1. Anything in region 56-94 that is surrounded by 13 or more Cβ atoms within 10 Å (Cβ to Cβ), without any contact (Cβ under 8 Å) to a residue 40 or more places away in the chain and assigned to a strand (DSSP E or B)? List them, or say none.
2. Inside region 1-55, can you point out the residues that are closer than 14 Å to Leu88 by Cβ and in a helix (DSSP H, G or I)?
3. Looking at region 1-51 only, could you name the residues that are under 21 Å from Met67 (Cβ atoms) and among the acidic types (Asp, Glu)?
4. Could you list, in sequence order, all residues of region 58-83 that are out of contact with any helix residue (DSSP H, G or I) (no Cβ under 7 Å at 6 or more places or on another chain) and not acidic (Asp, Glu)?
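Every number here is computed from the coordinates shown, using simple stated rules; none is lab data. This one's a predicted model, so the numbers in the text were calculated from it and none came from an experiment. Here Cβ is always computed from backbone atoms with ideal geometry, including for glycine, and neighbour counts include all displayed protein chains.
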Amino acid sequence: MVQVQLLAAPLRDRVGGRADLEVAWDEGPVRDFLKHLFDQFPDLRSEVVDRAGGIHVDYQLWLNGDMVRDGEEMDRLVKDGDTLAFLLPMSGGS
């Protein structure tokens, strides 16, 4: 199982208010895991994926505490026991 953390309210709204999902998965690249995740939770796809098919600029994707960016990093392996988190960074300050 892969633990998926939805650290943004707009994402939780797409899955009935849940902040955490457990997704059955053995091993494969991030891009394949995301396809698998979005096949199970299609409303997440419309919130997270941009028109070009990448992660929407408003969101960050983290795998086991390391940020994953579009491109070659999408080839990183997601394995059983990993944690994938979607974060909606906030800007601001003084």
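1. Residues satisfying the conditions are Gln60, Leu61, Trp62, Leu63, Val68.
2. Result: Ala9, Pro10, Leu11, Arg12, Asp13, Leu44, Glu47, Val48.
3. The answer is Asp20, Glu27, Asp32, Glu47, Asp50.
4. Selection gives Gln60, Leu61, Trp62, Asn64, Gly65, Met67, Arg69, Gly71, Leu77, Lys79, Gly81, Thr83.
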